[in-house]
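Read the structure below first, then the notes.
Bear in mind that the values in this text are calculations on the coordinates, not laboratory data. Bear in mind the structure is a predicted one, so any value in this text is a computation, not a measurement. Note that each Cβ is placed from the backbone with ideal geometry, even for glycine, and that neighbours are counted across all protein chains shown.
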Amino acid sequence: MPVAQFEALVELIEHDPAINPGGGRPAAPAWFQLAVGLFRLGRKKPIVVDIARTFEISVGSVENYTENIVCAIIWCLSQEMVWPQPQDQTLSTCAGLGFADTVGHMDGTHITLEHAPSQNQRDYYNRKK
C-alpha cells in the first residue's frame, strides 16, 4: 500500500472509538494498529504468534488491533457507501451474470491476490496494471 493511502486511512480511522476507546490504559497509535492489522490480513499464512513476535507485541494485541481496524473501516464504509435514493437507482447491467436486482456494482479487479481460488482462477486476474 502506498504511504499516502496508508496515511489517508489512518486519518479516517484514528478518531474511531474502536481505535481509541478512551478510559483505562492509552491505546496504541492508530497507525500502529493499522500496520499490524493490515500486515495480518495481507499474509498468506497469518500466524498470530509470528506477527506478535515481528511487532514485539502480545498475541492478544495482534487480535485486538485487527478487530479494531476492521470495525473502524466498516464504520467508515457505512458512512460513505449508502443505498441510492429511488430517483438515483438504475438496475445493474450484471443481471445476466447472476446478480439480478442489484443497484450498481463495483469492479474489484484492482485488488491483487497472492493466490487465486482453485476454481475459476481466471476470474481473479488483476487487470488493472
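Could you check region 27-39 and list, in sequence order, the residues that are touching a residue at least 24 places away in the same chain (Cβ under 8 Å) and not aliphatic (A, V, I, L, M)?
W31, F32, Q33, G37
Any idea how many residues of region 8-26 are free of Cβ contacts under 8 Å to residues at least 12 places away in the same chain and either surrounded by 13 or more Cβ atoms within 10 Å (Cβ to Cβ) or of a type in the set (D, E, K, R) (or both)?
Final tally of qualifying residues: 3.
Could you list, in sequence order, all residues of region 40-71 that are touching a residue at least 40 places away in the same chain (Cβ under 8 Å) and either in contact with a Lys or Arg (Cβ under 7 Å, 6 or more places away or on another chain) or surrounded by 12 or more Cβ atoms within 10 Å (Cβ to Cβ) (or both)? Walk me through how you get there before you give the answer.
Looking only at region 40-71, we keep the residues that are touching a residue at least 40 places away in the same chain (Cβ under 8 Å), and these are 44, 67-69, 71.
Selection gives E67, N68, I69, C71.
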